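For reference, the structure discussed in these notes is given below.
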Amino acid sequence: MLGSVGLPGLKAANDHGRLPVGGVNSRLLIGSCSLPPHEVVRLLAAITGRPRAELLGGLVIDRSTVSMFYRLMEQRSAGMPLQYLEGTVQFGPLELLVDHRVLIPRPETEQLWQKALDLVPDGPCTVVDMGTGSGCLAIGIAHERPAARVIATDISDDALDLARLNAALLQVEAEFCLGDRLDALHPSLRGEVDLIVTNPPYVSDSEWLELPPEVRDYEPRLALVAGDGLHIFRYLASEAPEWLAPDGVLVAEIGDRQGAKIRWAFRGPPWEASVLPDLAGRDRFLIARITA
């Protein structure tokens, strides 16, 4: 295994099933592995707990840690997302646990969180995160708006377990409800929700086949794919008004080729809707308000 990445001076040791006594200098690992250097540094930082600056400067890595690193490197070379191997992802000011049970939060979803925050008042209100996954949106909102009642739903019990753990580790108050879409909410919330935020499954079955293997083979399909990709938005256009308070708002992440069709789904009363671009200028966010 070690010899396959061409580390000078290590192949002979590996041929006898041994690593050099005293370990390996981190700069040697960073400069000699087949992975991009920044990925090597990230993996080493994850398993050693040492700052990246120290690893780049040269740190002796003990033999057991080097062995662990190579196991992770093999998984990464096979296509496993780097964030799953690290076990965490940065989301705004928060560090969240992530694994195969949930989608890896993308920069676009962090932009969605920022847009939702702009619409959440500082005082008491009720916010629902539909399809919470890792809990990034719900926990991020609850962290920044502690007066808000934040309720997170998901159809996956496994995803909710991880979201609850993230909330507990970050000491953030949120409620978690198992169920399908808005049906997970208690009936007493009908007409009481000030904001619904969601990054729903909006990839179509045909688009699923075109996704990179790193996404298609490792991230949960249930959180990505829903029929023609627009079904969830037709559902929200029809069902969300029943849950939203007067002047309530729906904020959602959408596919970059869905803007026109989603505008059509949210045309006319009770909605006043707009589609906004992401930082790359692509249609990415729906903001839809309930109007009188």
* Quick one: would you say E210 is closer than 22 Å to E108 by Cβ, part of a loop (DSSP other than H, G, I, E, B), over 19 Å from the mean Cα position of the chain (by Cα) and among the charged types (D, E, K, R)? -> yes
* List the pairs whose first member sits in segment 74-92 and is in contact (Cβ under 8 Å) with a residue 60 or more places away in the chain and within 14 Å of S34 (Cβ to Cβ), whose second member is open to solvent by 40 Å² or more (accessible area, probe 1.4 Å) and part of a helix (DSSP H, G or I), and whose Cβ atoms are under 9 Å apart, counting only residues at least 6 apart or on separate chains? -> G79/P213; G79/E214
* On the given criteria, is L162 within 16 Å of the chain's Cα centre (by Cα) and open to solvent by less than 30 Å² (accessible area, probe 1.4 Å)? -> yes
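Quick one: which strands (runs of 3 or more DSSP E) lie wholly within segment 232-292 and hold at least 1 residues that are of a type in the set (K, R) and open to solvent by 20 Å² or more (accessible area, probe 1.4 Å)?
Passing ranges, in order: 283-290.
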* Structure fact -> Note on G87: of the conditions (1) open to solvent by less than 30 Å² (accessible area, probe 1.4 Å); (2) over 22 Å from V215 (Cβ atoms); (3) not acidic (D, E), unmet is (2)
* Can you work out which of the residues in segment 127-154 that are hydroxyl-bearing (S, T, Y) and outside any strand (DSSP E or B) is surrounded by the fewest Cβ atoms within 10 Å (Cβ to Cβ)? => S134
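Under the condition of being within 17 Å of the chain's Cα centre (by Cα) and not small (G, A, S), which residue from segment 129-149 is farthest from E253 (Cα to Cα)?
Per the stated criteria, the residue is H143.
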* To do: Return a yes/no flag: does segment 168-186 have any residue that is within 24 Å of A226 (Cβ to Cβ), touching a Ser or Thr at 6+ places or on another chain (Cβ under 7 Å) and assigned to a strand (DSSP E or B).
  => yes
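Can you spot a residue in segment 259-275 that is within 20 Å of T132 (Cβ to Cβ) and at pLDDT 95 or above?
no
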* Structure fact -> Flagged in segment 160-210 as without any contact (Cβ under 8 Å) to a residue 12 or more places away in the chain and under 30 Å from D283 (Cα atoms), in numbering order, are D183, S206, L209, E210
* To do: Could you list all residues from segment 41-84 that are more than 24 Å from P212 (Cα to Cα), of a type in the set (D, E) and in a helix (DSSP H, G or I)?
  => E54
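Take L195 and decide whether it is open to solvent by 20 Å² or more (accessible area, probe 1.4 Å) and not basic (K, R).
no
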* Asked: Identify, please: which residue in segment 60-84 is at pLDDT below 90 and of a type in the set (S, T, N, Q) and is, among those, least open to solvent (accessible area, probe 1.4 Å)?
  -> T65
* Structure fact -> Restricted to segment 85-115 and to residues being assigned to a helix (DSSP H, G or I) and among the aliphatic types (A, V, I, L, M), the residue nearest to G23 (Cα to Cα) is L85
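The values are calculated or read from the model by the stated rules, or taken from the named source; none is laboratory data. Since this is a predicted model, take the numbers as computed values, not measurements. A quick note on method: Cβ atoms are made from the backbone with ideal geometry, for glycine too, and the neighbour counts reach across all protein chains shown. Areas reflect the complete protein model, heavy atoms only, side chains present, ligands, DNA and RNA absent. Shrake-Rupley method; radii C 1.70, N 1.55, O 1.52, S 1.80 Å.
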